[in-house]
Amino acid sequence: MTKKSKKIDNKEYDFIVIGAGVTGLAAAMYGARLGLKTLCLGTTYGSELPIGGVITTTNIVENYPGFIKLTGTELADKIREHTESYDLVTIKEQKVEKVEKKGKLFSVKTNKSEYIGKTVLFATGTKWKKLEVPGALEFENRGVNFCALCDAPLYKNKIVGLVGGSDSAAKDALVLAEHAKKVYIIYRGEHIHPEPINMKRIEAKKNIEIINKTNVKAVEGDQVIREVILDKAYKGSTKLALDGLFIAIGHISLSDLAKPLGVRLNEKGEIIIDHKTSETNIPGIYAAGDVADKPFKQAITGVAEGCTAAYSAYEYITKESVEPM
Ligand SMILES: Cc1cc2nc3c(=O)[nH]c(=O)nc-3n(C[C@H](O)[C@H](O)[C@H](O)COP(=O)(O)OP(=O)(O)OC[C@H]3O[C@@H](n4cnc5c(N)ncnc54)[C@H](O)[C@@H]3O)c2cc1C
């Protein structure tokens, strides 16, 4: 167990964590507790997430043990602060561009430097899935958005649509309803399926209207979005006038860096791990959190897998008789 006074900052590490969402930060904290010299690399890469990751895009977290209710940013900040209290951890805001095997070690190249690690954890999370219909890409940042918490205030007293039906989509709709005068949830399935508490909150909001069994076929506008075209008439029209459209239809795993190393992925591109150890099929490489292959992706499950990965890395280094750096 180590809580030393001097920060370590050079190029060689026992445990290199790629991704500084809650999973990566918690894994780094555990690595340090196990005496591993740990580097945690995170950036605004891909989905433009800050350190803290995707949880920072929600303002209601009510299911992280120990905290009855807090915002995602508060939770991420608390975990980061805890991680930074260990001098064996260095957190750097850098984008990892390549990971290569060098004998028993790994080279991790970022936009700024190269690091050598005995073990590597992929905690790279996901990026937002795009809506693949005409106009959706064209109007990105001109009315088409992904982060409700970030962009909802832009739609004060406006009319917005939100595509999706999951719990996080419902939470996004609730955030939007605090600002917009009207929020349409457009969902392709029979019924949206948030947690019951969030369904009740949605039902209590007078300015949220749900359009089930309907797809957005196209996004149209001029300088900015003006309307979406639905594949089924709603209240007599397939045109729905909107000032903004939020997309909450899921995420794509950021596993591209792992693939060239021979790390096994499933058909969704998620990294396949042993759920007891967070090990991948390649010795010394681990994965945890939203990038890993599991159906239930939550902060607490990612944190648990990250901590398990740190322990597995510690065991691997010990068994391989490689002294921690
Ligand atoms: C709107 C919304 C609400 C949610 N609400 C809850 C909730 O109430 N409770 C709950 O438990 N969970 C909730 N979740 C799910 C939860 O946020 C995630 O399961 C969890 O935060 C995933 O963390 P992660 O660290 O695995 O991934 P991420 O948070 O995605 O972090 C990955 C990090 O890695 C970085 N990264 C990626 N590639 C690179 C690279 N090449 N180099 C450097 N860095 C890189 C990314 O920028 C990112 O910062 C919610 C999710 C959403 C979208």
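Excluding residues on the same chain fewer than 8 positions from residue 118, give the lysines whose Cα lies under 17 Å from its Cα.
11, 37, 98, 101, 102, 104, 109, 319
Rg(Cα) of the chain divided by 2.2 N^0.38 Å? Could the numbers behind the result be given before it?
Numbers: Rg = 21.4 Å, N = 325, 2.2 N^0.38 = 19.8 Å.
Relative to the 2.2 N^0.38 Å estimate, the chain comes out at 1.08.
Starting from the amide H of residue 265, placed 1.01 Å from N in the peptide plane, find each other amide H under 5 Å away whose residue is 5 or more places distant or on another chain.
Placed amide hydrogens put 272 under 5 Å from residue 265.
Return the unpartnered cysteines for the chain, using a Cβ-Cβ cut-off of under 4.7 Å.
Lacking a cysteine Cβ partner under 4.7 Å: 40, 307.
Over segment 120-170, what percent of the accessible surface lies on carbon and sulfur atoms, probe 1.4 Å?
Taking all protein chains in place, segment 120-170 shows 54 percent carbon and sulfur surface.
What translational diffusion coefficient, in µm²/s and rounded to a whole number, does the Stokes-Einstein relation yield for segment 12-159 at 37 °C and a viscosity of 0.692 mPa s, taking the hydrodynamic radius as the Kirkwood radius over Cα pairs?
On the way: Rh = 16.8 Å.
The diffusion coefficient I find is 195 µm²/s.
Taking amide H positions as placed in the peptide plane 1.01 Å from N, state which residues far from residue 119 in sequence (5 or more) or on other chains have amide H under 5 Å from it.
15, 16
If you take the beta carbon distance between residue 100 and residue 203 as r and set R0 to 45 Å, what does 1/(1 + (r/R0)^6) give as a FRET efficiency, to the nearest 0.05?
Details: r = 52 Å, r/R0 = 1.16.
E between residue 100 and residue 203, to the nearest 0.05, is 0.30.
What percent of all Cα-Cα pairs in segment 196-279 falls into each 5 Å bin, going from 0 up to the bin containing the maximum distance?
Going from the shortest bin to the longest, the percentages are 3, 10, 14, 13, 12, 10, 11, 12, 10, 5, 1.
Which of the chymotrypsin sites (Phe, Trp or Tyr not before Pro) found in segment 149-248 are in a DSSP loop and have at most 16 neighbouring Cβ atoms, other than their own, within 10 Å?
Loop-located and lightly packed - none at all.
How many percent of the accessible area of segment 231-284 is carbon or sulfur, using a 1.4 Å probe?
Details: 1520 of 2910 Å².
Here carbon and sulfur together make up 52 percent of the probe-accessible area.
How would 33, 226 rank on accessible area, largest to smallest, probe 1.4 Å? Working shown, then result.
Working: 33 90, 226 125 Å².
Ranked from most to least accessible, the order is 226, 33.
Taking the solvent-accessible surface of protein heavy atoms with a 1.4 Å probe, what is the per residue accessible area of the chain in Å²? Intermediate values should be presented prior to the final figure.
Numbers: 15510 Å² over 325 residues.
Accessible area per residue: 48 Å².
Which pairs break 25 Å Cα to Cα here: 158/206; 129/200; 129/206; 200/294?
Working: 158/206 15 Å; 129/200 27 Å; 129/206 29 Å; 200/294 27 Å.
Listed pairs above 25 Å: 129/200; 129/206; 200/294.
Which trypsin sites (Lys or Arg not before Pro) in segment 141-175 sit in a loop by DSSP (not H, G, I, E or B) and have at most 11 other Cβ atoms within 10 Å of their own Cβ?
156
Only sites in a loop by DSSP and with at most 14 other Cβ atoms within 10 Å count here; which GluC sites (Glu not before Pro) in segment 80-173 make the cut?
Values: sites: 81, 84, 93, 97, 100, 114, 132, 138, 140; in loops: 132, 138.
Those that pass, being in a loop and sparsely packed, are 132, 138.
Can you give me the distance in nm between label points at residue 264 and residue 156, each placed 7 Å from the Cα along the Cα-to-Cβ direction?
Going from the residue 264 label point to the residue 156 one covers 5.4 nm.
Suppose every Lys and Arg Cβ carries +1 and every Asp and Glu Cβ carries -1, with no other charges. What dipole size does segment 212-325 come out with about its Cα centre, to the nearest 20 debye? Show your work: numbers first, answer last.
Numbers: 13 positive and 16 negative charges, 129 e Å.
The dipole of segment 212-325 has a size of about 620 debye.
Note down, for segment 71-143, the three equivalent ellipsoid semi-axes (square root of 5 times each alpha carbon gyration tensor eigenvalue), biggest first, whole angstrom.
Values: eigenvalues 200, 95, 23 Å².
Listed largest to smallest, the semi-axes of segment 71-143 are 32, 22, 11 Å.
Charges on Cβ only, +1 for Lys and Arg, -1 for Asp and Glu, centred on the Cα centroid of the chain; of 266, 113, 237, which one is farthest towards the dipole's positive end?
Among 266, 113, 237, the one farthest towards the positive end of the dipole of the chain is 237.
The values are calculated or read from the model by the stated rules, or taken from the named source; none is laboratory data. What you are looking at is a predicted structure, and each value in this text was computed from that prediction instead of being measured. Cβ sites come from the backbone with ideal geometry, for glycine too, and all protein chains shown count toward neighbours. Ligands, DNA and RNA are stripped out before the accessible areas are found, and what is left, the full protein with its side chains, is counted by its heavy atoms. Shrake-Rupley method; radii C 1.70, N 1.55, O 1.52, S 1.80 Å.
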